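Since the structure comes first, as structure tokens, the remarks are kept for the end.
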Amino acid sequence: MIKTNVFCRVVSLYGVFFVSIIYAVMEKDAKIYVAGHRGLVGSAIVRNLIAAGYTNIVGKTSAELDLRNQQAVKEFFDNEQPDYVFLAAAKVGGIHANNTYPAEFIHDNLAIQTNVIHQAYLHDVKKLVFLGSSCIYPRACPQPIKEEYLLTSALEKTNEAYAVAKIAGLKMCEFYNKQYGTSFIAAMPTNLYGPNDNFNVETSHVIPALLVKIYNAYKNNSPTCEVWGTGNPRREFLHVDDLARAVVLLMNEYDQESIVNIGSGTDLTIRELVMLIKDLIGYQGEIVWKSSQPDGTPRKLLNIDLLTSMGWQPEIALTDGLQETIAWCHQNGIFN
Ligand code: GDP
């Protein structure tokens with residue numbers, strides 16, 4: 001039986017003060033299911049939990065447990081009975097993958113999150129953190145993007161399928177809390193990078209794609225290296241270890257209704273990112289912009305005031321995080 005720690009705070013209602021219990025802190029021996037534990041986000045959450053002394057972490061590969069399969073997910077929850085769930089399993093990809101396989105992006109993500117969230121409710125999971133994405137916000141959002149801008153205008157077309165699925169997931173958490181009294185919260189990370197990312201240049205996000213393309217051009221002494229779009233869009237990037245720190249903090253300390261943005265608070269153009277990676281790798285050739293590939297949304301910088309008000313700050317600067325990721329790529333056979 002897992003014990004739950006609680007903090008108390010004093011709240012005032014009609015001038016009368018009450019002590020209310022607000023936070024359930026995970027016990028170090030609580031059973032914690034990290035869905036997607038081998039991916040970029042899930043593996044970072046596992047690293048963070050292990051470093052913090054959590055001892056009972058459960059994970060299954062997609063070969064062991066297909067989260068799109070309702071019966072398989074039910075049996076997993078029947079057998080494991082987790083206390084806490086980090087829902088970091090999803091079908092993810094960069095702009096080209098999102099734009100090319102929208103049916104798979106909407107189907108797989110709706111199925112995975114529906115199965116896991118519903119079973120978490122049926123099995124009395126104490127708390128669940130659902131991972132979304134900054135692409136859930138409207139394409140033409142005022143910047144930096146506040147949580148309250150959700151569903152105020154149309155989405156960016158290149159990732160609409162993924163965004164609609166993620167919006168359904170965060171709404172599912174909200175409505176389960178409302179009707180069933182569950183404690184399911186939703187975090188919306190900006191563009192992430194770091195170890196265990198997808199480094200397939202056709203389907204990956206921009207940072208892993210640029211690392212591989214520019215490194216290959218450097219290694220092969222290619223006079224040119226082709227990248228996508230115009231370079232004009234702005235993007236915000238966060239190292240996945242900073243993300244994991246935020247997500248574990250939210251699991252332990254956040255119980256409010258609003259979704260929570262997780263970002264670094266600063267952005268740069270794709271052109272500036274390309275030049276930074278070019279410098280870090282030492283590539284001297286020419287960058288060629290393939291403008292037949294889409295730019296995507298012009299800008300998506302998150303407002304992170306809600307998260308920073310809880311004491312969290314990003315700690316890994318982009319240049320340092322990229323250098324670390326380049327070293328990881330060397331050590332893990334990505335650059336060969
Ligand atoms: P997004 O942030 O959801 O749009 O997705 P990505 O992480 O795939 O970033 C896409 C942005 O980077 C777009 O403006 C692309 O045109 C640009 N980009 C430049 N080169 C590449 C590349 O090789 N791969 C990817 N995925 N994006 C690239």
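Computed quantities for the displayed model
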read-out: Cα→Cβ-extended label distance, 7 Å offset, between T308 and S292, nm; value: 4.3
read-out: Where GluC sites (Glu not before Pro) in DSSP loops with at most 15 other Cβ within 10 Å are excluded, longest remaining stretch of the chain; value: 65-201
read-out: Over the chain, volume per residue of the alpha carbon convex hull, in Å³; value: 140
read-out: In degrees, nearest ten, helix 240-253 long axis to first principal axis of the chain (Cα); value: 10
read-out: DSSP bridge pairs, segment 73-224: antiparallel proportion in percent, nearest 5; value: 0
read-out: Gain in span if fully extended, W328 to A103, counting 0.36 nm per residue against the direct Cα distance; value: 77.7 nm
read-out: Potential extension, T319-Q284 segment - 0.36 nm per residue separation minus Cα distance; value: 10.8 nm
read-out: With eigenvalues of the C-alpha gyration tensor scaled by 5 and rooted, segment 238-294, Å; value: 35, 15, 8
read-out: Spatial separation of Cα centroids for segment 263-278 and segment 25-43, in angstrom; value: 30
read-out: Vicinal HN-Hα couplings computed from phi for segment 145-156 (Karplus, 6.51 cos²θ - 1.76 cosθ + 1.60; Hz; Gly/Pro x); value: 7, 8, 4, 6, 7, 3, 6, 9, 6, 5, 7, 5
read-out: Ranked list, fewest to most other Cβ atoms within 10 Å of each Cβ, for I334, I304; value: I334, I304
read-out: Beta bridges by DSSP in the chain, antiparallel share as percent, to the nearest 5; value: 30
read-out: Label point distance in nm, K178-E75, each placed 7 Å from Cα along Cα→Cβ; value: 3.5
read-out: Residue with peak Gaussian network fluctuation, the chain [Cα springs, cutoff 10 Å], from K126, K290, K31; value: K290
read-out: Within a Gaussian network of the chain (alpha carbon springs, distance under 10 Å), most fluctuating of Y149, Y84, Y33; value: Y149
read-out: Total formal charge among the other residues, if their Cβ is under 15 angstrom from that of F237, Lys/Arg +1 and Asp/Glu -1; value: -4
read-out: Local electrostatic count at H107 - Lys and Arg +1, Asp and Glu -1, tallied over other residues with Cβ under 12 Å; value: 0
read-out: Within a Gaussian network of the chain (alpha carbon springs, distance under 10 Å), most fluctuating of A163, A244, A63; value: A63
read-out: Paramagnetic reach from L151 in segment 227-267 [backbone N under 16 Å; point 7 Å along Cα→Cβ]; value: 257-260
read-out: Fewest-first sequence of Y193, Y54 by Cβ atoms within 10 Å of each Cβ; value: Y54, Y193
read-out: Average projection area in nm² (convex hull over Cα atoms of segment 249-336, one quarter of hull surface); value: 8.6
read-out: Longest to shortest principal axis, alpha-carbon extents of segment 170-278, angstrom; value: 60, 26, 22
read-out: Net length gained if the chain between L268 and T55 were fully extended (0.36 nm per residue, minus Cα distance); value: 72.8 nm
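Every read-out reported here was derived from the displayed coordinates using simple, explicitly stated rules and does not represent laboratory data. All of these numbers come straight from a predicted model, not from anything done at the bench. Heads up, the Cβs are rebuilt from the backbone with ideal geometry, glycines too, and the neighbour counts pull from every protein chain shown.
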